[in-house]
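This report concerns only the one structure given below.
The values are calculated or read from the model by the stated rules, or taken from the named source; none is laboratory data. These numbers were taken from a predicted model, which means no experiment stands behind them. FYI the Cβ positions are ideal-geometry reconstructions off the backbone, even for glycines, and counts take in every protein chain you see. Keep in mind that these areas ignore ligands, DNA and RNA; they rest on the heavy atoms of the full protein, side chains included. Shrake-Rupley method; radii C 1.70, N 1.55, O 1.52, S 1.80 Å.
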Amino acid sequence: MGRSKGRVMPTVGIVEDHRITRMGIEQVLARSSWLEVIASVGTLDEFSETGLTPDVVVLDPAPYPAEASLQAIGALSVESAVLVMSPSDERDHLLAAVKAGAHGFVTKHTDDTEFLSAVEAVARGGFYLASGLATHLHAELGRMSPGEGQCLARREVETLRLIAKGYTHGQIARRMGLTESTVNTYVKRIRAKLNAGNKAELTRKAIALGYVDESGPARWLPGHIRPASEVPV
């Protein structure tokens with residue numbers, strides 16, 4: 001993370017092949033006193049050459065074949081939160097990006113205010129879908145059946161669903177009639193079984209496995225940003 005007047009600031013890298021679009025992204029991010037752009041390049045190769053590992057990478061996957069872009073998302077997500085900025089909102093592209101490891105998905109139709117919200121959300125460790133994309137994602141998931149999720153016990157599945165909807169461990173405990181320490185144990189087991197390290201990864205797993213429905217306060221959905229202090233997972 002960068003520093004400004006003693007404050008730790010999340011860092012951002014931009015990978016966008018159109019120079020004018022890239023400059024526009026930089027101008028939008030400059031509105032935030034909380035973010036610092038440390039790389040702004042046209043290609044993944046150029047980004048790799050910088051040797052930098054920003055907290056967030058804004059990636060336009062359009063110039064690359066589908067498989068190559070998904071591999072790039074997966075590789076980048078090892079050390080950075082990846083926000084995909086796609087020219088398309090097609091269901092299969094959205095789901096594939098989420099399953100590959102993206103922490104958020106916006107399109108080039110997303111307005112500048114929401115785009116800035118999306119970057120700040122993933123910088124905080126959250127998950128963000130641009131307005132209107134949730135319906136597409138749920139429709140695509142409706143054609144899936146849980147696979148690896150079959151390794152989860154019933155109560156673990158219930159816990160995972162609530163995590164994906166943004167509930168804290170304490171709130172989950174109250175809803176399920178459990179102690180918070182029991183919920184903590186469930187979360188540890190879920191992380192181990194699904195190989196997920198944080199809330200964003202658990203949320204992506206819940207989405208990919210079809211465990212997120214339309215009921216309840218779906219707080220991972222558009223426009224919600226949770227302070228880091230509220231994300232205990």
> Can you name the residue in segment 202-218 that is at pLDDT below 80 and either closer than 13 Å to Gly126 by Cα or polar (S, T, N, Q) (or both) and, of all such residues, is surrounded by the fewest Cβ atoms within 10 Å (Cβ to Cβ)?
Replying inline: Ser215
>> Residue pairs, Cβ under 8 Å, 6 or more apart or interchain, first in segment 179-192 and over 9 Å from Thr159 (Cβ atoms) and acidic (Asp, Glu), second in a helix (DSSP H, G or I) and open to solvent by less than 60 Å² (accessible area, probe 1.4 Å). List them.
In response: Glu180/His169; Glu180/Gly170; Glu180/Ala173
> Does Gly125 meet the test of being open to solvent by 10 Å² or more (accessible area, probe 1.4 Å), of a type in the set (Gly, Ala, Ser) and modelled with pLDDT under 90?
Replying inline: yes
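Quick grid of which residues meet (1) at pLDDT below 95; (2) open to solvent by 60 Å² or more (accessible area, probe 1.4 Å):
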site	(1), (2)
Ser4	yes, no
Arg7	yes, yes
Val41	no, no
Ile73	yes, no
>> Looking only at segment 67-125, how many residues end up being in contact with a Ser or Thr (Cβ under 8 Å, 6 or more places away or on another chain), assigned to a helix (DSSP H, G or I) and among the acidic types (Asp, Glu)?
In response: 2
> Of the residues that sit in segment 128-155 and are at pLDDT 80 or above and in contact with a strand residue (DSSP E or B) (Cβ under 9 Å, 6 or more places away or on another chain), which one is surrounded by the most Cβ atoms within 10 Å (Cβ to Cβ)?
Replying inline: Tyr128
>> List the residue pairs whose Cβ atoms are under 9 Å apart, where the first residue sits in segment 156-174 and is free of Cβ contacts under 8 Å to residues at least 60 places away in the same chain and open to solvent by 10 Å² or more (accessible area, probe 1.4 Å), the second is polar (S, T, N, Q) and not in a helix (DSSP H, G or I), and the two are 6 or more positions apart or on different chains.
In response: Lys165/Ser215
> (1) modelled with pLDDT of 90 or more; (2) of a type in the set (A, V, I, L, M, F, W, C); (3) buried (at least 20 other Cβ atoms within 10 Å of the Cβ): which one isn't true of Val28, the others all being true?
Replying inline: (3)
> Which residues, taken from segment 47-70, are touching a residue at least 12 places away in the same chain (Cβ under 8 Å), surrounded by fewer than 14 Cβ atoms within 10 Å (Cβ to Cβ) and of a type outside the set (A, V, I, L, M, F, W, C)?
Replying inline: Thr50
